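Taking it in order: structure first as structure tokens, then the write-up.
Laboratory data are not the source of any read-out in this text; all were calculated from the coordinates shown. Note that the structure is predicted; figures quoted are calculated from it, not measured. Backbone-built Cβ (ideal geometry, glycine too); neighbour counts: all protein chains shown.
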There are 2 protein chains.
Amino acid sequence: MKNAIVGQSGGPTSAINATLRGVVQGFVKRGGTVFGMHNGIQGLLDEDIVNLEYLKGEALTLLSKTPAAHLGSCRMRLPDDLSQPVYNKIFSIFEKYNIGYVYYIGGNDSMDTVDKLSRYAKINSVDVCIIGVPKTIDNDLVLTDHTPGYGSCAKYVAGTVCELDLDVSVYTKPSVTILEVMGREAGWIGMAAALPKYLLGRGSDLVYLPEGDFSCDKFLSDVEKLLSRQNSLLVTVSEGVPAYERVGDMDVFGHAVSLSGCGAYLSKMVKERLKCKSRAVELSLTQRCAGHLTSRTDIEESVRLGEFASSLVGVEFNGSMVAMVRKAGDVYGVDFTCVPASEVANRVKKVPVDFINDEQNFVTQRCIDYVSPLIVGEIDLEYVMGMPKYLR
Amino acid sequence: MKNAIVGQSGGPTSAINATLRGVVQGFVKRGGTVFGMHNGIQGLLDEDIVNLEYLKGEALTLLSKTPAAHLGSCRMRLPDDLSQPVYNKIFSIFEKYNIGYVYYIGGNDSMDTVDKLSRYAKINSVDVCIIGVPKTIDNDLVLTDHTPGYGSCAKYVAGTVCELDLDVSVYTKPSVTILEVMGREAGWIGMAAALPKYLLGRGSDLVYLPEGDFSCDKFLSDVEKLLSRQNSLLVTVSEGVPAYERVGDMDVFGHAVSLSGCGAYLSKMVKERLKCKSRAVELSLTQRCAGHLTSRTDIEESVRLGEFASSLVGVEFNGSMVAMVRKAGDVYGVDFTCVPASEVANRVKKVPVDFINDEQNFVTQRCIDYVSPLIVGEIDLEYVMGMPKYLR
């Protein structure tokens, strides 16, 4: 039996290691050996490879509760030209380690890598099956109901909104608190901020997503209207809300970076134009690595999806990304399937128009129906001397 | 038996409601009736008063797990001149509600209020006993080993540092992440960021507190030195670290406000001077209201301290603040005592010099010995539809 190698790529999440656990335990169950590449394809090229046999028993359990990327990550784009020497180098390393299965856990950029490697294998008739396994807090991958990592991020945002709502309400002096969450091009994370208000009656009063129509004047008018009825206001904005003209660098995949700051910008505007106390809170990195507040639904699905990936045998799965399909009916559940990584690569799934209300300042019932099951359940986390116990 | 009234004042914490629970259940045990003033002394003046009889059973349990300030808060400074009419008004309201005991839960500014009201009572021979009950995440009150609310904030900071450390380590590209935590004048919160590195071997590599000697050149040299040995660096700074000259408004108590931003400032400096990728993360409001990650030690002590306050009978306790004294010996524990609120009011307790290392860029064993017991233990929090269940 050929060996497997697994890598992680792109930004950290609280569930990417749960997926790693699934891949490892699934493949080991099949009787195989699993190697790990440190720092994704970049480490692979340096032959920075480790036998993952140490990931068993307690370490495996702990792994699935540990945020970030246990194997390290990278942001590296392979060349479009498959005749470049880098491909030959990669596949010679696969050969050296007798690799027959490659599992690459990542987002839409990583699926670009999966697509390219799988095409190289096909064209050159190499017996290596390259399979993509999705992860991203951004939830912006097409052809899957949602992505591992998203549910935990959504839960963290919703929980934090519950707490900020309590915090900002303690004073009688009118104030506007603006919470900025991640989401450059899509508002999936931002919409989770609507859950507390919708389901528990209190939370973020206004929610603005990049997919909605946005103007600063309408924003100020929304804020002003609510301030006439209540003292304190909690507003959530995705970082990609077009509050101001963007200037800035591009990342290696051609995405604009450093968009953060629209919360601070809007807060300043509230102070100046409405003469009202205002502050911005930027969740920043904590929303993608808060292992102490993850969704059990997310973590369990992530493990199962990894296991599913490692169960796929046959050349027909080369170039696939495993994906989740939501079951029909009232009881939430998912089935697993395969989709072409090429169709996921470099594409962004936006929040559907009917998830946003007519006023473009909150979400709809359809949105709540979609996101609410994904944050359900908590995991048992151990603490050491008062701090979360993670695998290091 | 005369009635009691309780108020909360100053910034929210995760434990101020636990103290409220202690006061209420302690006084009710004595057979008395407890009223609450909404928004502290400010609401009292508007006679915004509620009978707290609804705080029993499950509501009382839930209250102690709910962050922020259940009764609302205020920032209001009473005049120094005790002959001002506001005092007469306050005590006529006390008389109307047959109040014999006033419990005011807050920080050093609130102890100013306790001191003034208690002096008025004494001078005018009014039979009302005014007792201060400490709370502040800042831990900067003198005459108490530590303050309720601090342990939970310290635990949140330490836990977040564990997670950020995992997050920032996933890439091989050199990077410096600067975590800015609260602490204008004192570094109590900041020093909690040292716990993971000290006790678990990984975490914030450098920690700068307002009490230490700080210069930007030394900071850059510290960062540069560590970057020669490791790829990613996590640095924690208190917001009050003198990275740049302060200009800004004062609050009503004469404190400088809006100091936040030193993390962003230092991050920009790292980028420019060291040509290294850098980002700043500001914990902002979440560190004072993260009810989902509180210290059981803190929450339990806060309840007990509130109960202790409500057990004090006798005119000699007028003008006291209840306080905690750490027991001698190896096993952590506290005793409760009373100190004059007048000596706590408007003063700030700084981090001792011997808590900071010689290099002025980390903490010492003495610091760890002090803070580590305060973050121990977790509370059982219920979740509703995936979100923390709080009392509203």
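Compute the angle between helix A:296-311 and the longest alpha-carbon principal axis of chain A, please, reported from 0 to 90 degrees and rounded to the nearest 10.
Approximately 20 degrees, to the nearest ten.
Mind giving me the nanometre distance, one decimal, between the label points for A:Met1 and B:Ala328, set 7 Å out from Cα along Cα→Cβ?
6.5 nm
To two decimal places, what compactness ratio does chain A give when its Cα radius of gyration is scaled by 2.2 N^0.38 Å?
Values: Rg = 21.9 Å, N = 392, 2.2 N^0.38 = 21.3 Å.
Cα-based Rg divided by the globular estimate yields 1.03.
From the Cα trace of the stretch B:155-217, what convex hull volume per residue do you get, rounded to a whole Å³? If you can, show how the numbers build up before the last one.
Numbers: hull volume 6.0 nm³, N = 63.
Residue-normalised Cα hull volume stands at 96 Å³.
What dipole magnitude, in Debye to the nearest 20, does the stretch A:258-309 give about its Cα centre under +1 on Lys/Arg Cβ and -1 on Asp/Glu Cβ? Each step should come with its number before you reach the end.
Working: 9 positive and 6 negative charges, 135 e Å.
Result for the stretch A:258-309 is approximately 640 debye, rounded to the nearest 20.
So what does log10 I(q)/I(0) come out to for the protein assembly as shown at q = 0.06, 0.08, 0.10 Å⁻¹, using the Debye formula with one equal point on every Cα and no solvent?
Values, matching the q order: -0.39, -0.67, -1.02.
Taking 0.36 nm per residue of sequence separation and subtracting the Cα-Cα distance, how much length would be gained by fully extending the chain between B:Val315 and B:Thr61, in nm to one decimal?
Residue separation times 0.36 nm, minus the Cα-Cα distance, leaves 88.3 nm.
Taking the label point as lying 7 angstrom from Cα along the Cα-to-Cβ axis, what are the distances from A:Gly32 to the corresponding position in the remaining copies, in ascending order and in nanometres?
7.1
In the stretch A:258-300, whose amide N lies under 20 Å from the spot 7 Å out along Cα-to-Cβ of A:Glu224? List them in ranges.
A:265-279
So what's the projected area for the stretch A:1-101, the Cα convex hull averaged over all directions, in nm²? Write out the running numbers ahead of the final one.
Details: hull surface 25.3 nm².
Result: a mean projected hull area of 6.3 nm².
Within a 10 angstrom radius of the beta carbon, how do B:Thr337, B:Thr172, B:Thr13, A:Thr136 rank from fewest other beta carbons to most? Numbers along the way, then the final one.
On the way: B:Thr337 15, B:Thr172 18, B:Thr13 33, A:Thr136 26.
By the 10 Å Cβ count, ascending: B:Thr337, B:Thr172, A:Thr136, B:Thr13.
Just want the answer: with Cβ charges of +1 for Lys and Arg and -1 for Asp and Glu, which residue in B:Gly190, B:Pro210, A:Pro148 is farthest toward the dipole's positive end in the protein assembly as shown?
Of the candidates, A:Pro148 comes out farthest on the positive side.
Measure nothing but the geometry: give the 0 to 90° angle between the long axis through the Cα atoms of B:262-274 and the longest principal axis through the Cα atoms of chain B, rounded to 10°.
Compared with the principal axis, the helix lies near 10 degrees.
Cut-off 10 angstrom, C-alpha nodes, Gaussian network model of chain A. Which of A:Val133, A:Val315, A:Val24 fluctuates the most?
Sorting by GNM fluctuation, first place goes to A:Val315.
In the stretch A:204-246, which chymotrypsin sites (Phe, Trp or Tyr not before Pro) are in a loop and have at most 16 other Cβ atoms within 10 Å, using DSSP for the loop call?
Taking the stretch A:204-246 and a limit of 16 other Cβ atoms within 10 Å, the loop chymotrypsin sites (Phe, Trp or Tyr not before Pro) found are A:Tyr244.
Shielding by partners for B:374-387, please: the mean number of other protein chain Cβ atoms within 10 Å of each residue's Cβ.
Values: counts 1, 4, 4, 2, 6, 0, 0, 2, 1, 8, 4, 9, 19, 15.
Other-chain Cβ atoms within 10 Å of each residue's Cβ, averaged: 5.
Pick from A:Ala121, A:Ala59, A:Ala323: which residue has the top mean-square fluctuation in a GNM of chain A where Cα pairs under 10 Å get a spring?
A:Ala59
Find, among the GluC sites (Glu not before Pro) in the stretch A:1-100, those assigned to loop by DSSP (not H, G, I, E, B) with at most 14 other beta-carbon atoms within 10 angstrom. Before the final figure, lay out the partial values.
Numbers: sites: A:Glu47, A:Glu53, A:Glu58, A:Glu95; in loops: A:Glu47.
Within the stretch A:1-100, the qualifying GluC sites (Glu not before Pro) (loop, at most 14 other Cβ atoms within 10 Å) are A:Glu47.
Based on DSSP H runs of at least 4 residues, each adding -39500 (n - 2.57), what is the mean residue ellipticity at 222 nm of chain A after dividing by all its residues, to the nearest 500 deg cm²/dmol?
Helix contribution divided over all residues of chain A: -10500 deg cm²/dmol.
Angle check, please: helix A:16-29 long axis (alpha carbons) against the longest principal axis of chain A (alpha carbons), in degrees 0 to 90, nearest 10.
The two axes meet at around 30 degrees.
Taking a point 7 Å out from Cα toward Cβ as the label site, list the nm distances between A:Ile123 and the same residue in every other copy, smallest first.
In ascending order, 9.0 nm.
At q = 0.20 Å⁻¹, what is the base-10 log of I(q)/I(0) for the stretch A:274-357 according to the Debye formula with one equal point scatterer per Cα and no solvent? Please give it to two decimals.
One equal scatterer on each Cα of the stretch A:274-357 leads to -1.23.
Once you have all Cα-Cα distances for the stretch B:152-289, histogram them in 5 Å bins from zero and send the whole-percent values.
Taking every Cα pair in the stretch B:152-289, the percentages come to 2, 11, 21, 25, 21, 13, 6, 2, 1, 0.
To make sure I understand the rule: partners must be aspartates and glutamates, Cα under 20 Å from the Cα of A:Lys225, and not fewer than 8 residues away in the same chain. Which ones qualify?
The reachable aspartates and glutamates, counting only those whose Cα sits under 20 Å from A:Lys225, are A:Asp165, A:Asp205, A:Asp213, A:Asp217, A:Glu272, A:Asp358, A:Glu359.
Determine the shielding of peptide B:168-177 by partner chains: average, over its residues, the number of Cβ atoms on other chains within 10 angstrom of each Cβ.
On the way: counts 4, 6, 16, 10, 10, 4, 0, 0, 0, 2.
Average per residue, whole number: 5.
So if each residue of separation counts as 0.36 nm, and I subtract the Cα-Cα distance between B:Ile123 and B:Leu45, what length gain in nm does that give? Kindly include the intermediate steps, with their values, before the conclusion.
Numbers: separation 78, 0.36 × 78 = 28.08 nm, distance 2.07 nm.
Answer, rounded to one decimal: 26.0 nm.
Taking the Cα centre of the protein assembly as shown as origin, sum charge times position over the Cβ atoms of Lys and Arg (+1) and Asp and Glu (-1), and report the length of that vector in debye to the nearest 20. Please list the in-between numbers first.
Values: 80 positive and 94 negative charges, 64 e Å.
Value, rounded to 20: 300 debye.
Would you mind calculating the gained length between B:Asn88 and B:Lys275 on full extension (0.36 nm times residue separation, minus the Cα-Cα distance), in nm to one decimal?
Working: separation 187, 0.36 × 187 = 67.32 nm, distance 6.28 nm.
Full-extension gain reported as 61.0 nm.
Among the GluC sites (Glu not before Pro) within the stretch B:305-365, which fall in a DSSP loop and have no more than 13 other Cβ atoms within 10 Å of their own Cβ?
Details: sites: B:Glu307, B:Glu316, B:Glu343, B:Glu359; in loops: B:Glu359.
Sparse-neighbourhood loop GluC sites (Glu not before Pro): B:Glu359.
Taking the Cα centre of the stretch B:152-289 as origin, sum charge times position over the Cβ atoms of Lys and Arg (+1) and Asp and Glu (-1), and report the length of that vector in debye to the nearest 20. Please list the in-between numbers first.
Details: 16 positive and 17 negative charges, 115 e Å.
Computed about the Cα centre, the dipole is about 560 debye.
Set the bar at 32 Å for Cα to Cα. Now go through A:Lys29/A:Lys389; B:Lys173/B:Lys218; A:Lys56/B:Lys173; A:Lys197/B:Lys350; B:Lys29/B:Lys327; A:Lys65/B:Lys29 and name every pair that lies beyond it.
Table pairs above 32 Å Cα-Cα are A:Lys197/B:Lys350; A:Lys65/B:Lys29.
Around B:His292, under 15 Å between beta carbons, what's the net of Lys plus Arg minus Asp minus Glu among the other residues?
Details: positive: A:Lys155, A:Arg296, B:Lys65, B:Lys155, B:Arg288, B:Arg296, B:Lys389; negative: A:Glu163, A:Asp165, A:Asp167, A:Glu378, A:Asp380, B:Glu163, B:Asp298, B:Glu378, B:Asp380, B:Glu382.
With Lys, Arg at +1 and Asp, Glu at -1, the net is -3.
Choose one of B:Leu293, B:Gln365, B:Asn51: the residue whose Cα lies farthest towards the positive end of the charge dipole of chain B (beta-carbon charges +1 Lys, Arg; -1 Asp, Glu; about the Cα centre).
B:Leu293
Please identify, among A:Ala68, A:Ala341, A:Ala154, the residue showing maximal mean-square fluctuation in a Gaussian network model of chain A using a 10 angstrom Cα cutoff.
Comparing A:Ala68, A:Ala341, A:Ala154 in a Gaussian network model of chain A, the most mobile one is A:Ala68.
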